1. Pull out the extension gain between residue 342 and residue 231, defined as 0.36 nm times the separation in residues minus the alpha carbon to alpha carbon distance; nm, one decimal.
2. Write down the percent of antiparallel bridges among all DSSP beta bridges whose residues are both part of the chain, to the nearest 5.
3. Relative to the longest principal Cα axis of the chain, at what angle does helix 315-339 sit, 0 to 90 degrees, rounded to 10?
4. What's the angle, to the nearest 10 degrees (0 to 90), between helix 289-299's Cα axis and the longest principal axis of the chain?
5. Counting helices only, and only those DSSP H runs with n ≥ 4, report the 222 nm mean residue ellipticity of the chain as the sum of -39,500 (n - 2.57) divided by its residues, in deg cm²/dmol to the nearest 500.
6. Which FRET efficiency value, to the nearest 0.05, do you get for residue 409 and residue 371 by plugging their Cβ-Cβ distance into 1/(1 + (r/R0)^6) with R0 = 60 Å?
7. Listed highest first by mean packing, meaning other Cβ atoms within 10 Å per residue, what order do 195-205, 233-243, 79-89 come in?
8. Be a star and scan the range 350-388 for residues whose amide nitrogen sits under 11 Å from the point 7 Å along the Cα-to-Cβ vector of residue 155.
Ligand code: SF4
């Protein structure tokens, strides 16, 4: 589920030595103090608030303790965490994760702040060993083009037997993707303009259980290249949404290994005021009528006579899918007509609020797929069917859990959305996200620094601490250096 777009910098060849406790804090002091390296070598203004933050971050990283730090506008907080973070990463050989909410902050970090860090480290002899730090931007696996799946899709599109798999505009899009993939450096969807057709990208992206790597050439696999570079990066930039979706998908280090996203990492979460909302969203359920219908029709669509079971299934297998599509239509229509006629959102208070007519047909589809996987001796077909089965089972479990109120500490509701209001979505979210964040962020045995310009009520952070379950964290506030009156 992970990958990265860009790698920069060389290696760090200087062997690491044990450093005395307080080494990082002392070094950061020499960089950020009045007359320090930032001022003398980079001609940057000395900002006492920035220096205070950098020292607190350094202390938190050295002691692996959590920190909530509010820094008013103009403090220059990115440098205040990047400089100690990079130095600590290289000294301790641990990955430094930087998570933000907005793309604009990610761009500022990549295009401006990391360049300042590199220049600073390169200019100052005492800091030179940190100048070769490596960075990576982590994006979801589904953002990568898979060269193996693309090759297979092209073969299918050209074969007379499989010609029905892709419509003409989809075939043209496949050819366009193939041309692009021959020259793109990173193979990520964000670099392909205009964006590919969704069904075509579904067929060629790397987020598939077909990805076993054993039959693939690592030299031509964008994802494998990215993964390798990611694992050797000092600074990994990610966004909150991907970070929490990976955490919720069980991608945290296992057993006693510390770390929030990667083994032995330490993390700074910028724009941290957005974390409660984003984490709440990711620790809940999200199943829409559109997604279920689409997943089933990719398996078999009776109207167009397309889908995986057109090739791999019998008539009775296809009928099971058609039956599930009808059941899904009936199920979601009932919810829309019963609960969402007058308002677009309706909270659900009790379990068994509707007949569970959908999970049976979904289970039947999963069983058919399971039987076909067993029978097939075509590895590609097996992988494709396994992908479908995994998705259908996850919908079945989520819908079942929603109807039975399986997660007692969650609030549940139905939503009507889409351009014409035709999409019905089952949603749930934890009533209190604090226990989840406590477990997945603050109790991972590593430093987690949460920062933003707005975490407090002006004086203290009790409310935010409670919301995120960060009572164990140190808190600190520095105000904006700007003179607003003038
Ligand atoms: S390892 Fe193979 S299947 Fe997986 S993304 Fe790379 S090329 Fe595709």
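1. Numbers: separation 111, 0.36 × 111 = 39.96 nm, distance 5.09 nm.
Residue separation times 0.36 nm, minus the Cα-Cα distance, leaves 34.9 nm.
2. On the way: 21 of 45 bridges.
Within the chain, antiparallel bridges account for around 45 percent of the total.
3. Between the helix axis and the principal axis of the chain, the angle is about 60 degrees.
4. That helix lies at roughly 60 degrees to the long axis.
5. Numbers: 19 runs with 219 residues, N = 486.
That comes out to -14000 deg cm²/dmol.
6. On the way: r = 37 Å, r/R0 = 0.62.
Result of the calculation: an efficiency of 0.95.
7. Numbers: 195-205: 18.2, 233-243: 22.2, 79-89: 25.8.
Most protected by this proxy first, the peptides run 79-89, 233-243, 195-205.
8. 379-381
Where a number appears in this text, it was derived from the coordinates with a stated rule and is not lab data. Just so we're clear, the structure is a prediction, and the values are computed from it rather than from any experiment. Virtual Cβ from ideal backbone geometry, glycine too; neighbours counted across all protein chains shown.
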